[in-house]
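The values are calculated or read from the model by the stated rules, or taken from the named source; none is laboratory data. The shown structure was predicted, so the numbers you read here are calculated from the model rather than taken from an experiment. Ideal geometry is used to build each Cβ from the backbone, glycine not excepted, and the neighbour counts take in all protein chains shown. We work out accessible area using only protein heavy atoms, side chains counted, and drop any ligands, DNA or RNA first. Shrake-Rupley method; radii C 1.70, N 1.55, O 1.52, S 1.80 Å.
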Amino acid sequence: MRSSFATVPFYRELWALGGHTDPVLLPGKAAVDGGAVVPSALTGRVGDLVPLAGGPADIDPWRGLGPVLAEHLAVTAGALVAVVDPTTPRPPVDLPEGVRSCVLDPAGLGGAYAGVFDEVANHLRRGERVVAVGGDKDLDQLAAALPELLAHRLTRAPVRAPDDLPSPVGPVALIAHPLLGVLGALGGCGRWHLDHCRVYLRATSAGAAYTLLRQRSPRLVDVIAGSGRPGLCPRHGTPVVEP
């Protein structure tokens, strides 16, 4: 937060107007939601989230996917991660070494995506692991397009929004936000584990505020997403998101 206050135009403006400095609340000032920001306030301001020294201004909706999959699904070299989402601009870039990735449009598996679909099917035929990531309906469409034997070999990782974390939905599910990327996953203990090495969560009067700890640019600090609250897993002793 100190670095962002000192170097990122958006946060310098936001916190200064809200009574923050370096970024401590000034006496007599009452910042809205403790200085946190709603995602809609960032629309059209991505350029102002770049530090003064420069950096990329691209939003990656699958940031953090690789580390989270590696931890919760033990995804290793030789596996294929298929993102089933027609709106994804490019395959994820932070996967473990040796793990391939592709993007599929569930509504156009026989068109421009035919070659990618064949790659998924061939991986499954060879007995290699394929992890399909996406919404429930999109994953259902992919499974329905595959022969039944291959569909049973598919590892599904459905995505849940931070404001829609139900009771356990299966062996694995991901917490993801279109602005913040992948924030964590459902652990084997049945709790929603935060990717705490890369994501910080705090409670505000408006809901859960997330900060990306290792993303240099664009900076995403104290972004409100969902109504969850921080908690601690009694089994693992690591941070979780309590629905």
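Surface calculation, 1.4 Å probe, protein heavy atoms: Ile59 sits at approximately 50 Å² accessible. Of the accessible area of the chain, computed with a 1.4 Å probe over protein heavy atoms only, carbon and sulfur atoms account for 54 percent.
Residues of the stretch 65-160: accessible area per residue at 1.4 Å, in Å²? Could the numbers behind the result be given before it?
On the way: 4470 Å² over 96 residues.
Accessible area per residue: 47 Å².
Which residue, Leu52, Leu42, Leu146, tops the fluctuation ranking in a GNM of the chain built on C-alpha contacts under 10 Å? Highest fluctuation of the listed residues: Leu52. Near the amide H of Val81, within less than 5 Å, lie the amide hydrogens of Arg100, Ser101, Cys102, Val131, all on another chain or at least 5 residues away, with H placed in the peptide plane.
The label-point distance for Arg90 and Arg153, in a model that sets each label 7 Å from Cα toward Cβ, rounds to 3.1 nm.
Under the combined filter of DSSP loop state and at most 15 neighbouring Cβ atoms within 10 Å, the stretch 121-170 retains these trypsin sites (Lys or Arg not before Pro): Arg126. Of Ala157, Ala203, Ala144, which is the most mobile in a GNM of the chain whose springs link Cα atoms less than 10 angstrom apart? The residue that fluctuates most here is Ala144. Where both partners of a DSSP beta bridge lie in the chain, what percent of those bridges are antiparallel, to the nearest 5? Approximately 60 percent, going by the DSSP bridge assignments.
In order along the stretch 220-229, phi translates into HN-Hα couplings of 10, 10, 6, 8, 6, 8, x, 10, x, 9 Hz, rounded to whole numbers, per the Karplus curve 6.51 cos²θ - 1.76 cosθ + 1.60 with θ = phi - 60° and x for Gly and Pro.
Annotation: amide H of Val240 within the under-5 Å range of Leu194, Gly231, Leu232, Cys233, sequence separation 5 or more or interchain, hydrogens built in the peptide plane.
Averaging sequence separations of C-alpha pairs under 8 Å and six or more residues apart, then dividing by the length of the chain, give the relative contact order as a whole percent.
Value for the chain: 19 percent.
Bridge orientation summary for the stretch 65-160: considering DSSP beta bridges with both residues in this region, about 0 percent are antiparallel. Note that the stretch 152-163 has calculated 3J(HN,Hα) couplings of 5, 8, 6, 8, 9, 10, x, 9, 10, 6, x, 9 Hz, one per residue in order, obtained from phi through the Karplus relation 6.51 cos²θ - 1.76 cosθ + 1.60 (θ = phi - 60°); glycine and proline are x.
May I ask for the longest run of the chain untouched by GluC sites (Glu not before Pro) that are loop-located per DSSP and have at most 14 neighbouring C-beta atoms (other than their own) within 10 Å?
Details: sites that count: Glu97, Glu128.
Within the chain, the longest run free of exposed GluC sites (Glu not before Pro) spans 129-243.
Between the amide H of Leu183 and those of Ile175, Ala176, His177, distances stay under 5 Å, these residues lying 5 or more places away or on another chain, with hydrogens modeled in the peptide plane. Remark: relative contact order (the stretch 134-243) = 19 percent; criterion is Cα-Cα distance under 8 angstrom and separation of 6 or more residues.
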